[in-house]
Amino acid sequence: MTEQNVSQKPIIKPAITLKGNLNVENIEVGEHLAEIQYYQVVKVNPKTIKVVSDKGVESNIDKDLVLDMYSASQYQIEKYITRTEVNNILANIGQQIFTINFNKQVKQDDIKNKLLTAIKDEEGNPLTYEQIEKNLKIISKELNKGEERTLIGYLLEINNEMGRSSAIDLEIERGQNRLRQIDHRTINYLIFKNTKYLVK
């Protein structure tokens with residue numbers, strides 16, 4: 001690189017803002033702004049809906065404006081799809097809100113506890129051979145299936161190689177750890193943009 005090229009290299013100054021992501025004092029007419037916001041409904045009034053944002057700010061929204069929004073739980077269409085198809089939808093979901101139901105990863109303690117319930121009653125007394133055999137038949141189908149979980153939130157990161165996604169659980173209070181893992185291999189259904197996708 002020549003000395004002349006060095007001198008012509010533009011100087012990039014770090015942006016300094018008063019608060020947040022932009023300088024409110026520098027906003028001009030015609031400028032475009034964007035934000036993604038998540039709301040929880042607090043109260044439904046005749047003409048407005050009272051909501052609290054994910055940042056904890058309460059406001060009233062006109063019902064006509066709500067018509068352009070999507071609900072995490074409402075749907076008008078049900079579709080049966082394959083696991084590959086639901087993974088493709090997740091990969092392109094962006095930061096849109098959704099509800100997803102899946103089974104958590106099975107833990108060794110869960111297997112141990114299920115086996116213990118098969119051989120002992122609630123008070124810890126041993127069961128008969130017939131009772132144990134009956135219980136083992138019931139839980140054998142569940143041993144490889146983790147606890148069912150429903151999450152309402154939005155994606156942060158997707159990792160198809162690992163078969164998992166990182167998501168923010170909006171039902172957990174802000175300020176706590178809301179990061180949760182979604183196991184793609186055990187998805188039962190997904191509600192997204194007015195459609196409930198049921199995995200065959």
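The values are calculated or read from the model by the stated rules, or taken from the named source; none is laboratory data. Just so it is clear, the structure is predicted and the values come from calculations on it, not from any experiment. With ideal geometry, Cβ positions are generated from the backbone for all residues, glycine too; neighbour counts draw on all protein chains shown.
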* Which ones in the range 112-167 are over 21 Å from Y189 (Cα atoms) and among the hydroxyl-bearing types (S, T, Y)? -> T117, T128, Y129, S140
* Quick one: how many residues across the range 62-77 are more than 24 Å from D169 (Cβ to Cβ) and either free of Cβ contacts under 8 Å to residues at least 24 places away in the same chain or surrounded by 11 or more Cβ atoms within 10 Å (Cβ to Cβ) (or both)? -> 6
* To do: Kindly provide the set of residues from the range 116-168 that are aromatic (F, W, Y) and either surrounded by 14 or more Cβ atoms within 10 Å (Cβ to Cβ) or under 30 Å from I89 (Cα atoms) (or both), ordered by number.
  => Y154
* Asked: Pick from I138, I152: which is within 27 Å of the chain's Cα centre (by Cα) and either of a type outside the set (F, W, Y) or modelled with pLDDT under 90 (or both)?
  -> I152
* **Top-ranked residue in the range 95-115 [being farther than 18 Å from L170 by Cα and polar (S, T, N, Q); ranked as surrounded by the fewest Cβ atoms within 10 Å (Cβ to Cβ)]** => Q108
* To do: Pick out the one residue from T186, T150 that is in contact (Cβ under 8 Å) with a residue 60 or more places away in the chain and not charged (D, E, K, R).
  => T186
* Residue in the range 47-61 that is among the small types (G, A, S), without any contact (Cβ under 8 Å) to a residue 40 or more places away in the chain and not in a loop (DSSP other than H, G, I, E, B) present -> yes
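Looking only at the range 78-115, filter to residues that are among the charged types (D, E, K, R) and without any contact (Cβ under 8 Å) to a residue 12 or more places away in the chain; which one of those is farthest from I132 (Cα to Cα)?
D109
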